[in-house]
Each structure stands twice: as structure tokens, then as C-alpha cells.
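To start, the structure itself, in C-alpha cells.
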Amino acid sequence: MDGIVENRKDRGAEKNMIWNAQIWKNKHIKSAKQGLTTFLLLLPAIFVCLPIILLVTGSVMGNGELKQYLSPIFTEGMEYISWKLVPDYPTFENYGKLLFMTPQFFVLFWNSMKLVGCILIGQLAVGVPAAWAFAVYKVRGSRTLFVLYVVLMLLPFQVTMLSSYLVLNRLGLLNTHQAVILPAVFSTFPVFLSYGGFRCIPMQLFEAARIDGAGEGTIFLKIGLPLGKSGLLSAMVLGFLEYWNMMEQPMAFLEDKALWPLSLYLPEITWVQAGYAFGASMITLIPAVFVFVWGQDYLEQGIIYSGLKE
């Protein structure tokens with residue numbers, strides 16, 4: 001009897017050992033999978049962030065150090081390019097020269113702020129009511145017109161550049177900021193994103209408001225805008241990122257360099273002023289990064305709304 005009990009205990013201990021070994025094996029396999037997944041996700045993230053790191057590093061390098069590293073590019077030499085993530089002698093001379101000795105930079109900076117601000121305000125005034133009308137009011141031909149809007153959204157600027165140029169020339173708006181602002185105000189992209197946000201609002205809520213005696217303007221201001229703000233804000237975030245970096249429209253419609261936005265100022269900097277260019281690029285990047293970080297949640301929600309089917 002004692003032998004049977006002992007045999008059972010040995011078998012139980014053996015089963016426990018096998019079970020613990022299996023648990024240990026599964027845990028290590030799971031840890032290895034998680035480590036591999038983390039590595040595969042971090043690797044492209046490093047490649048994406050590497051240009052930003054190099055930009056930050058270059059902006060605090062001295063001219064002599066930059067010339068040493070960048071000379072093979074511009075002198076058509078056969079040497080390999082070298083770069084240091086930490087400069088030997090960090091300096092903020094480039095930022096000082098840019099911020100305190102270059103008034104032209106501030107002129108173009110405020111040109112960019114003016115253009116982007118006027119475009120976004122105009123899109124709110126024009127695109128949001130249009131999106132509301134498409135989403136709430138069903139009339140004959142509204143669906144066809146909205147599909148036409150989506151098709152126009154897919155057209156690149158190069159397709160409509162000539163017709164826009166001829167219209168602006170006839171109106172006498174070429175070489176003015178209005179030549180850049182007006183075509184962008186009537187862009188179809190904010191209509192598309194705002195439409196998705198408004199479509200997510202239950203129609204029964206509008207019917208209940210109408211039964212209670214609310215007018216269409218009240219419904220739009222008190223119900224539509226607060227509940228559809230995610231789509232609106234996502235359109236504003238994407239619009240800011242697009243128009244802050246626009247280059248084709250100012251190059252096509254503006255001749256006077258004093259009217260240029262900041263995005264056209266950077267290519268004018270030669271390689272001799274590489275540190276100056278790095279600093280200008282960093283300052284140009286700051287507003288875009290700030291807006292993206294601030295509106296990231298709204299941007300994700302707007303993308304979700306744009307993918308919803310009716």
C-alpha cells in the first residue's frame with residue numbers, strides 16, 4: 001500500500017515538473033514574441049525619427065564641423081559622409097542669427113501664419129455648412145453632388161493649376177495672398193471629413209429637436225457643432241499640416257518673394273549656410289509638431305469617421 005501511494009506521489013511530482021516546464025517554456029516563447037514584435041515596431045520608428053534627430057544635431061553644430069561632415073556632398077568627392085549625433089562643440093549661434101539678425105525670416109513666418117489662419121477660417125465658414133447640408137438634408141441629387149465632391153478631392157493641384165491660374169488672373173488676384181487663400185478655402189477635403197462627423201449623429205436627435213420647436217440654425221449650432229466637433233477639428237489639424245508646408249500654390253501664384261510663406265524660404269538657403277538652414281527647419285517644424293500633438297486624438301477620430309459607411 002505504501003508503495004502504491006509513493007508511486008502516485010512520484011507520478012504527481014513528475015506531472016507537476018512537466019507542467020511547470022511547459023509553463024516556463026510558454027512564458028519564454030511569449031516573451032520572445034513580444035520582444036521580436038517590439039523590435040520590429042521600433043526599427044521603422046527609429047528610421048522615421050532619425051531625420052529629426054539629425055536635424056536637431058545639425059542645428060547646434062558650428063559651421064566648421066558642418067563643412068567637414070557635408071563637404072563630400074557638395075564637392076562631388078568620393079569620401080563617405082560622416083555624422084555625429086552629439087556635436088563636438090554645440091552652439092546656438094545659428095538660432096541667434098536666425099531669430100535676432102534675420103528680419104526676413106519673421107516676415108515669411110507671419111506670411112505662413114496669415115495664409116494658414118485665413119484658409120482654415122474660410123474652410124470653417126464654407127466647408128462646415130456644406131458638410132452639414134450633405135449629412136442632414138436629403139434632396140434629389142445630393143448624393144451625386146457629394147460623390148462629385150469626393151472625386152474633386154482626389155484631383156491633385158497640378159490638374160487644376162492652369163484653370164485656377166486663368167481665373168485668378170482674370171480676377172486680378174495674382175501675386176496676392178488671396179490667390180493662395182481663395183482656392184484653398186473651397187477645398188473639398190474638409191467637407192468630406194466634417195460630413196463623416198455629422199453622419200455619426202443620430203437623426204432622431206434632430207427630429208426630437210424639431211418637435212420641441214428648435215429651428216434649423218439652433219440645431220446646427222447647439223447640436224451639430226458640439227457633437228460633430230471631432231470631424232471638424234481633425235479637418236483643421238490636417239488642413240494646418242497641409243497648408244503650413246504647401247509649396248506648389250505659392251510658387252505658381254506669387255512672384256514677390258516678400259509674399260512667400262516660410263516653406264519657400266528654406267530652399268533659398270545655400271549649403272554654405274547649412275547650420276542656418278538646420279535652425280530654420282527646426283523652427284518651421286515646431287508649429288506643425290505642436291498642432292499634431294494637440295489634435296492627435298481628434299485626428300484619429302476623424303479618420304475613423306471618414307471610414308464609416310452610411
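Quick note: the coordinates plus some simple rules give every number you see, no bench work behind them. Since we're looking at a predicted model, the values are computed, not measured. Positions of Cβ are generated from backbone atoms using ideal geometry, with glycine treated the same way; all protein chains shown enter the neighbour counts.
Remarks
- Here the 3J(HN,Hα) profile of segment 195-210, calculated from phi with Karplus coefficients 6.51, -1.76 and 1.60 at θ = phi - 60°, is 4, x, x, 5, 5, 7, 7, x, 5, 4, 5, 5, 5, 5, 5, 5 Hz, Gly and Pro shown as x.
- Only lysine pairs 8 or more places apart or on separate chains count here, and in segment 94-307 those with Cα atoms under 25 Å apart total 6.
- P(r) weight above 14 Å for segment 169-248, C-alpha pairs, percent: 70
- Cβ-Cβ FRET estimate between VAL86 and GLN296, R0 fixed at 41 Å, reported to 0.05: 0.90
- In whole angstrom, segment 217-291 maps to an equivalent ellipsoid with semi-axes of 36, 16, 7, each derived as √(5λ) from the alpha carbon gyration tensor and ordered largest first.
- Relative contact order %, segment 115-233, counting alpha carbon pairs below 8 Å whose residues are six or more apart: 40
- For segment 94-307, the calculated P(r) over all alpha carbon pairs, in 10 Å bins from 0 to the bin holding the longest distance, is 8, 28, 30, 21, 9, 3, 0, 0 percent.
- The VAL159 and MET247 beta-carbon pair, evaluated with R₀ = 25 Å, returns a calculated FRET efficiency of approximately 0.90.
- Debye log10 I(q)/I(0) at q = 0.32 Å⁻¹ for segment 81-129, Cα point scatterers: -1.07
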